[in-house]
Amino acid sequence: MRTALMRITARLTALALLSAGALVGTGVLPASAATGTVDTDSNTGVAIRSGNATSFGTVGNQPDGPVEIDCQIYGEPVTGKFGRSLIWDHIPGKGFITDAYVNTGSSGLVAPLCTSNPRADKAIAWYAARSGSTAYQEYCEMAAENSYGKTGIWASAMADWNDAVARGVAHRGDLNPPKGALVFWNLAAPYGHVGVAKGDGTFWATSVSGAIGTRALPYFSSYLGWAWPNF
């Protein structure tokens, strides 16, 4: 009985390995993966970068044509052949390309969110390096923009929030913002307040006990919600 069982198990194991090999051989993608087509008018392809922003170094070039996407993440907005997009596509084993030059059949996400967000990591590190600083008091929007390497985008946090509301991408009242998302409060009318989520229920912002600091959400009163930075 034991010998027969071992033979059956061996046959089943071999069959599973052959089936897996067949899938690999035919190029079948994982259920969570997606495909798109890189399309540039110059036919020169699009830069592959080490992160989800143009400030990250180029690590290669993705030529025009079909491309596999294993995950996507929001990052620096880029305007390309398919319009303005905050989405960046991760190419397996290579890096990130802007979705503005990729035809996926959708202007939204077509693959799971990437577990890593290099641009958000840099923004969070920016705040951490200035923990306790009072240099940005009353300039919360400037701090949020500077953490992402930008400046002078919005006149106030409330203007930033209203932009997200107008575009239909504001997550009202959600206390579980992903890492790198901007979090907003209706404070200091009409200016509002903004910080950057750490992805674990906490955030970085100015005016935390009078300086740049980190606390658990919502901390301040009149919490509005979160949105991905539109810069």
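Since every read-out is calculated from the coordinates, none of them should be taken as a lab result. What you see is a predicted model, and the numbers here were worked out from it, not measured in a lab. Methodologically, a virtual Cβ is constructed for each residue, glycine included, from the backbone with ideal geometry; neighbour enumeration extends over all protein chains shown.
Computed over neighbours whose Cβ is under 14 Å from that of I73, the net charge equals -1, Lys and Arg +1, Asp and Glu -1. Helix 157-166 and the longest principal axis of the C-alpha atoms of the chain enclose an angle of approximately 50°. Within a straight-line Cα-Cα reach of under 15 Å, K179 can be paired with the following aspartates and glutamates, leaving aside sequence neighbours fewer than 8 residues apart in one chain: E76, D121, D200. Applied to the stretch 138-150, the Karplus parametrisation 6.51 cos²θ - 1.76 cosθ + 1.60 on θ = phi - 60° returns per-residue 3J(HN,Hα) values of 6, 10, 5, 5, 4, 4, 4, 5, 4, 5, 9, x, 10 Hz, with x for Gly and Pro. Compared with the dominant principal axis of the Cα atoms in the chain, helix 118-129 is inclined by about 40°.
The fraction of all Cα pairs in the chain landing in successive 10 Å bins from 0 to the largest distance is 8, 28, 27, 18, 10, 6, 3, 1, given as whole percents. Computed log10 I(q)/I(0) for the stretch 153-231 at 0.10, 0.14, 0.20 Å⁻¹: -0.19, -0.37, -0.79, from the Debye equation with unit scatterers placed on every C-alpha and solvent omitted.
Based on the Kirkwood radius over alpha-carbon pairs, what value in µm²/s does the Stokes-Einstein equation return for the translational diffusion coefficient of the stretch 91-201 at 20 °C and 1.002 mPa s?
Working: Rh = 15.7 Å.
Diffusion coefficient, whole number: 136 µm²/s.
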